[in-house]
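Right, one structure below, let's go through it.
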């Protein structure tokens, strides 16, 4: 049975218009990502865990110890805030050494520990720099080192990559994951970037209006979203009404009625990801005949967005809008695309009922 | 459920309690003992006319100050020009310099030009406008810097003329700052005593506060105490106007510098020339007086042959100003913390403004009578503390608001108590503003006339007025020189610290 590093038990908090009400647990040494729209309560959860805000009801346990009524300084959690809150009256070295003031280390021990942390976050040579002299990436590294210096049981990262550019985000998210693995610190990572959250986490929580919409592995969240909200929030998807089947289904005639009337109900909606679609963007070439599938024959292209490595094509087919990725720019104003029935998720009233 | 956080409650508690004691104790004592005379004082028609005239005169001065100050504020916020730093220095200095020095300079100017027979209200008005226009420029201008120009640019791109944009878009957005500075200036004008004493031709021209002072000096204590209710109520209304709007709608994101047309450059140059001439004139007049033979010889013997009273006045002023500055700053740090971090109402921290020199001076004088064993110097220090707490809060509050609470929050999650976090991070960042507050209060209390005058205190400004009333204008000039020199030194230090404090925040 796994040991829990963090347990949030029925925690409730009313905060302006937000009513937070959730329970979750994180295994010791695990990294959990929290994603959700703005105002869903992501950062509030971190403030509650760290004790900077108090909960109205429920309990929080860290390494099995109830810390609900403890002050922030007694909880052994550290937080890295979006602007990093580095102390401007101290240089890099002093910022990192700050949490060690309580440890009563000798000067040599303190220096050695600071050096170790600086090397761990690849900040060698920046020891004497003031905060003003650092780039956002270096600031984040300093904030991380300072947080690690406190030897926390739980590390809380509140949108730490939000100030960085795309390339730096990629580098830093790998570094964060690496540091987390090597130190084994239970980590909660709040992000406004779904791709980043899915790539870094062992487990993901999708938050909506202060409640957990879904919690699971990144693959589960993306491939088996429990609701239309999770599906659309975690990436591009096509959501079509049930009657699209009647017009697009390609299946031997003998199996047609079985699929239509036994698999899907008329009140249901169908959801599939654009990257799961098979595309034939070269007119004249035969479309691959895989069965059973939905085929959108000669759908009229209404928009074609270049995303760098591929195109996102939006097309209209008999009143339905579909989105599909293509490697090459479509040569004509129509496109034919198909999706296997096995890749289609079925939703009723916004909730997953079959996949 | 809640985590216990006593620091937030206990840290400012002592300052809040002392604030109320320092303000309410003298006021209540005074009004209780003057209660018998309230009806007779407020049914006296000339007194009421004087009250109405005082309000009208102060309002007129403020109106002129705002009209003159707004373009200055705009220029200071949006334009770069040579000597801007020096101009800002002069501006803030004039805002804080003792009114008695300005009034004395104006009196010399009138004597030299033979205009001393004109209606005293004109020079008094000029002094008050000169003292309060920089205040409007300072407060409105310092907020104007942070007002982003997007709305104005948008209105211009929609075809609106720049003048109309200024009056219909920009000025309404600055409403709260204009109200704040105008109300503060009104309180200063309405409660001013020094300029009326120096320029008012004896008791011929008086405002309500000077009238109260004269009543008190003539031994009519009950009437003075009863009448002190009036300035309290009027300044309280001004205080309410001061905080009508909050400053929070001002975006701090952008500092815009507007594109300069030829006409705007010309206007700026003319405005600055006039302003420089007006603002520097007291110093020029003063220098002429100091350089005149009799004053120079008196100054050269300042510390050698100065009368015992003069030396004592200097010593008392120094003790009062340093002690009051220290106590004020210590209390204000806690009060500013309460406002910035606990949501303590700013209006309450500014409460002493409503009591003014008259109420505080008389109140502490009554406490002195009740507790004869208390040294009058201590009472003078306490009265000065009560009087200048708002100034100190103003300095420290802007600094503490500029320091994100996240520093303390992060420090707490790193294992440190709220008290230690505040001490090791916020307090260090606040240090320049702490010293700035000390020097500003020291400099203001050194030049304070009202409070020590009611307490029959022997300080430099009270001696200045007394010497002038006895016809010794050379002695008065020496006192004013001392005031000016001390002010320049204290102010220069405070100005330097202000820059450092602003960069920290």
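The values are calculated or read from the model by the stated rules, or taken from the named source; none is laboratory data. Keep in mind that this is a model prediction, so the values were computed, not measured. Using ideal geometry, Cβ is built from the backbone for each residue, glycine included, and neighbour counts are taken over all protein chains shown.
Couple of notes before you dig in:
- Residue check, residue A:11 touching a strand residue (DSSP E or B) at 6+ places or on another chain (Cβ under 7 Å), assigned to a strand (DSSP E or B), more than 8 Å from chain B (Cβ to nearest Cβ) and more than 22 Å from residue B:415 (Cβ to Cβ): yes
- The condition (being modelled with pLDDT of 90 or more, touching a helix residue (DSSP H, G or I) at 6+ places or on another chain (Cβ under 7 Å), within 20 Å of residue B:420 (Cα to Cα) and away from every other protein chain (no Cβ under 12 Å)) is satisfied by just one residue among A:93, A:113: A:93.
Matching residues to (1) part of a loop (DSSP other than H, G, I, E, B); (2) outside the structural domain of residue A:222 (by TED's automatic domain parsing); (3) touching a helix residue (DSSP H, G or I) at 6+ places or on another chain (Cβ under 6 Å):
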residue	(1), (2), (3)
A:29	yes, no, no
A:33	no, no, yes
A:37	yes, no, no
A:40	yes, no, no
A:46	no, no, no
A:52	yes, no, yes
A:58	no, no, no
A:61	no, no, no
A:69	yes, no, no
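- Boolean, residue B:433 is surrounded by fewer than 24 Cβ atoms within 10 Å (Cβ to Cβ), touching a residue at least 12 places away in the same chain (Cβ under 8 Å) and either in a helix (DSSP H, G or I) or more than 9 Å from chain A (Cβ to nearest Cβ) (or both): no
- Options A:164, A:123, A:170; residue that is outside any loop (DSSP other than H, G, I, E, B), away from every other protein chain (no Cβ under 14 Å) and at pLDDT below 95: A:170
- Complete set of residues in the stretch A:58-85 that are at the interface with another protein chain (Cβ under 7 Å from one of its Cβ atoms) and in contact with a strand residue (DSSP E or B) (Cβ under 8 Å, 6 or more places away or on another chain): A:68, A:77, A:78, A:79, A:81
- When the criteria are applied in full, residue A:278 fails the requirement of being buried (at least 20 other Cβ atoms within 10 Å of the Cβ) and either in contact with a helix residue (DSSP H, G or I) (Cβ under 9 Å, 6 or more places away or on another chain) or farther than 24 Å from residue A:230 by Cβ (or both).
- The sole residue among A:105, A:117 that is free of Cβ contacts under 8 Å to residues at least 60 places away in the same chain, part of a loop (DSSP other than H, G, I, E, B) and under 19 Å from residue B:414 (Cβ atoms) is A:105.
- Residue B:398 away from chain A (no Cβ under 14 Å), surrounded by fewer than 21 Cβ atoms within 10 Å (Cβ to Cβ) and closer than 25 Å to residue B:351 by Cα: yes
Residue by residue, here is whether (1) in contact with a strand residue (DSSP E or B) (Cβ under 7 Å, 6 or more places away or on another chain); (2) more than 21 Å from residue A:40 (Cβ to Cβ) holds:
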| residue | (1), (2) |
| --- | --- |
| A:225 | yes, no |
| A:229 | yes, no |
| A:235 | no, no |
| A:243 | no, yes |
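- Among the candidates B:378, B:367, residue that is out of contact with any strand residue (DSSP E or B) (no Cβ under 6 Å at 6 or more places or on another chain), more than 14 Å from chain A (Cβ to nearest Cβ), without any contact (Cβ under 8 Å) to a residue 40 or more places away in the chain and assigned to a helix (DSSP H, G or I): B:378
- Some residue of the stretch B:178-186 being assigned by TED's automatic domain parsing to the domain that holds residue B:140 and modelled with pLDDT under 80: no
- Listed by position, the helices (runs of 4 or more DSSP H) inside the stretch B:1-107 whose residues that are within 14 Å of another protein chain (Cβ to nearest Cβ) number at least 3 are B:6-33.
To keep it simple, each residue is scored yes or no on (1) in contact with a strand residue (DSSP E or B) (Cβ under 9 Å, 6 or more places away or on another chain); (2) assigned to a strand (DSSP E or B); (3) at pLDDT 90 or above.
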| residue | (1), (2), (3) |
| --- | --- |
| A:286 | yes, no, no |
| A:289 | yes, no, no |
| A:294 | yes, yes, no |
| A:308 | no, no, no |
| A:315 | yes, yes, yes |
